[in-house]
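Working notes for the structure below.
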Amino acid sequence: MSEVIVITSGKGGVGKTTTTANVGTGLAQLNKKVVMIDTDIGLRNLDVVMGLENRIVYNLVDVIEGKCRLKQALIKDKKYQDLCLLPSAQTRDKDAVTPEQMVELINELREEFDYILLDCPAGIEQGFKNAIAGADRALVVTTPEVSAIRDADRIVGLLEANEMKRIDLVVNRLRMDMVKRGDMMNVNDVCDILAVNLIGAVPDDEQIVVSTNQGEPLVGSNCLAGQAYANICRRIMGEEVPFLNLEEKQGVFSKLKEMFKK
Amino acid sequence: MGLMDLFKKKNSGNVAKDRLKLLLVSDRANCSPEMMEMIKNDIIQVISKYMDIDADALDVKITETESDANNGTVPALFANIPIKDMKHQPKDN
């Protein structure tokens, strides 16, 4: 049985694409067959985060318009045989695709893949409607900021109105130093406010920028963000994984710095 | 600022949480600012029949309150209406 997961947030820039890339890669590391679909027509970027931007020949709109076969448009990942990307079109409009066409496309992909991840565009317009149309469950990504949380709440409301079967929350870009000072909401605060099941808490990690620069997702690597994403993947598969202690792995340097600050 | 305020000074994380909680209640109630303004004006009209109120300082907002029926909170319309003068007695029609 395959599962279709939409990664959405409402607000832009909170880490939907990064989350899609890392969860997709992480599930492939767990030997699952995964396809990631970039549904942000006109503003594609999942390809560049995955480091696959030079391999694109056909895209999502080409498939839907019948200009190529689905297989031709799927790009294989550099590292993982069972990981594929369906890139979005760069020069087209969001109206080029309808929710019904997305459902049809997804049903075709269900036959071959264990997980189908949909990277949703920001906003709540056509692109959002296309992305959620065929999804079984949703990962709502937010950061601990008022604007992102407000938008996430709106998204949760819309997903519920569309009868999304399961909604889980990813709190991204936590800065533990700020949380400690009380200058940033902690994970529990965010969960309280949104009243959605938490599936992962990802710290703000410089390595994310480095990995995006290189076009290689960092899931599974030794840094905290890499472990957090790996845990999210295991939870998606139904495993119970305890949450990381994000404060645990502070280097000697930052600890010293903190001592001097006091 | 009093001495106690120094100790009680809210950090910005808590400020954000409190602001969001209120904001989301009115967001979820799907209550537009226009509608709130209309409610406010109607309240002023009604109450003004009976007493002299400070219309400029009147504050109407949607918050949450404990519900007796089902253990939890329900949205509540909260109105803070400063009274200028009580002597204006209700008229019997």
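The values are calculated or read from the model by the stated rules, or taken from the named source; none is laboratory data. None of the values given here were measured: they were computed from a predicted structure. Here Cβ is always computed from backbone atoms with ideal geometry, including for glycine, and neighbour counts include all displayed protein chains. Note: areas computed on protein heavy atoms with side chains; ligands, DNA, RNA excluded. Shrake-Rupley method; radii C 1.70, N 1.55, O 1.52, S 1.80 Å.
Go through the range A:231-247 and give me each residue that's among the hydrophobic types (A, V, I, L, M, F, W, C) and under 22 Å from A:Asp177 (Cα atoms).
If we filter the range A:231-247 for residues that are among the hydrophobic types (A, V, I, L, M, F, W, C), which is where we start, we get A:232-233, A:236-237, A:241, A:243-244, A:246.
Listed by number, the residues that qualify are A:Phe243, A:Leu244, A:Leu246.
Go through (1) open to solvent by 30 Å² or more (accessible area, probe 1.4 Å); (2) within 14 Å of another protein chain (Cβ to nearest Cβ); (3) not hydroxyl-bearing (Ser, Thr, Tyr) one by one and return the number of the condition A:Val196 breaks.
Condition not satisfied by A:Val196: (1).
So if I check each of B:Asp27, B:Asp59, which one is at pLDDT 85 or above and either open to solvent by 50 Å² or more (accessible area, probe 1.4 Å) or within 14 Å of chain A (Cβ to nearest Cβ) (or both)?
Details: B:Asp27 fails: at pLDDT 85 or above.
The unique qualifying residue is B:Asp59.
Assuming A:Phe113 fulfils every condition listed in (1) outside any loop (DSSP other than H, G, I, E, B); (2) at pLDDT 95 or above; (3) not polar (S, T, N, Q) apart from one, which condition is it?
(1)
Name the residue, out of A:Asp38, A:Asp114, A:Asp93, that is within 27 Å of A:Ser147 (Cβ to Cβ) and either open to solvent by 10 Å² or more (accessible area, probe 1.4 Å) or more than 15 Å from the chain's Cα centre (by Cα) (or both).
Values: A:Asp38 fails: either open to solvent by 10 Å² or more (accessible area, probe 1.4 Å) or more than 15 Å from the chain's Cα centre (by Cα) (or both); A:Asp114 fails: within 27 Å of A:Ser147 (Cβ to Cβ).
Only one candidate qualifies: A:Asp93.
Name the single residue, out of those in the range A:70-89 being open to solvent by less than 90 Å² (accessible area, probe 1.4 Å) and polar (S, T, N, Q), that is farthest from the chain's Cα centre (by Cα).
Step one: filter the range A:70-89 for residues open to solvent by less than 90 Å² (accessible area, probe 1.4 Å), giving A:70, A:72-75, A:77, A:80, A:82-89.
If we keep only those that are polar (S, T, N, Q) as well, we get A:72, A:88.
Details: A:Gln72: 24, A:Ser88: 15 Å.
If we take residues in the range A:70-89 being open to solvent by less than 90 Å² (accessible area, probe 1.4 Å) and polar (S, T, N, Q), then A:Gln72 is farthest from the chain's Cα centre (by Cα).
Report, by residue number, each residue of the range B:47-72 that is over 16 Å from the mean Cα position of the chain (by Cα) and among the hydroxyl-bearing types (Ser, Thr, Tyr). Can you show your working first?
Here is the first cut: in the range B:47-72, the residues over 16 Å from the mean Cα position of the chain (by Cα) are B:48-52, B:67-72.
If the condition is that a residue be over 16 Å from the mean Cα position of the chain (by Cα) and among the hydroxyl-bearing types (Ser, Thr, Tyr), then B:Ser48, B:Tyr50, B:Ser67 are the ones that fit.
Restricting to the range A:22-53, what's the tally of residues that are over 13 Å from A:Ser88 (Cβ atoms) and part of a helix (DSSP H, G or I)?
Quick first cut of the range A:22-53, residues over 13 Å from A:Ser88 (Cβ atoms) only: A:22-35, A:51.
Next, only the ones that are part of a helix (DSSP H, G or I) stay: A:22-29.
Of the residues in that region, 8 qualify.
A:Thr19 versus (1) assigned to a helix (DSSP H, G or I); (2) surrounded by fewer than 20 Cβ atoms within 10 Å (Cβ to Cβ): which is the lone unmet condition?
The one condition A:Thr19 does not meet is (2).
For the range A:130-176, name all the residues that are of a type in the set (S, T, N, Q), more than 25 Å from A:Gln101 (Cβ to Cβ) and in a loop (DSSP other than H, G, I, E, B).
The one that is of a type in the set (S, T, N, Q), more than 25 Å from A:Gln101 (Cβ to Cβ) and in a loop (DSSP other than H, G, I, E, B): A:Thr143.
Check whether at least one residue in the range A:177-187 is outside any loop (DSSP other than H, G, I, E, B) and exposed (fewer than 15 other Cβ atoms within 10 Å of the Cβ), and report yes or no.
Within the range A:177-187 (the criterion being outside any loop (DSSP other than H, G, I, E, B) and exposed (fewer than 15 other Cβ atoms within 10 Å of the Cβ)), the answer is yes, since at least one residue qualifies.
Hey, can you tell me all the residues within the range A:231-241 that are under 17 Å from the mean Cα position of the chain (by Cα) and open to solvent by 30 Å² or more (accessible area, probe 1.4 Å)?
Of all residues in the range A:231-241, those under 17 Å from the mean Cα position of the chain (by Cα) come to A:231-237.
Of everything in the range A:231-241, those that are under 17 Å from the mean Cα position of the chain (by Cα) and open to solvent by 30 Å² or more (accessible area, probe 1.4 Å) turn out to be A:Arg234, A:Met237.
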